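So the structure is just underneath, and the comments pick up after that.
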């Protein structure tokens, strides 16, 4: 998956990523306190739960696409909580703008390009330019957060 596809995957599957992070936290797979160098152990369940809730989830499996025989494709997404921030911050950056309308129409509503362009009164070429702006902004955020290498 190239950079553009990864960013669009996160935009399209924001709710599924949130659900996967929630489930990962609830199933207890996030590391807990185990002690300091093997000579002590913390058995405080409240402390363990608090630490589990603040430690980043390193990777989640996100189901996507159409189900065939009851199964969907899955993608292992590293740094899911940071990717969710990229989606959220991009949405906030372009809130109440045509680019924000394009983001919602494309990734949330599934509206086709020409329909969105017509509704917004813009050409499909301008739609493409605005979409590229969105993706470039998101890519810059991801690079700044260290979840994409600078040369991507």
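Residue 74 versus residue 132, label points 7 Å from Cα toward the beta carbon: distance in nm?
3.7
Using only C-alpha positions, report the orientation-averaged shadow area of the convex hull of the stretch 90-152, nm², one decimal. Mind showing how you got there, number by number?
Details: hull surface 18.2 nm².
Projected area, direction-averaged: 4.5 nm².
Where a number appears in this text, it was derived from the coordinates with a stated rule and is not lab data. A quick note: this is a predicted structure, and the numbers were derived from the prediction, not measured. Cβ: placed from backbone, ideal geometry, glycine included. Neighbour counts: every protein chain shown.
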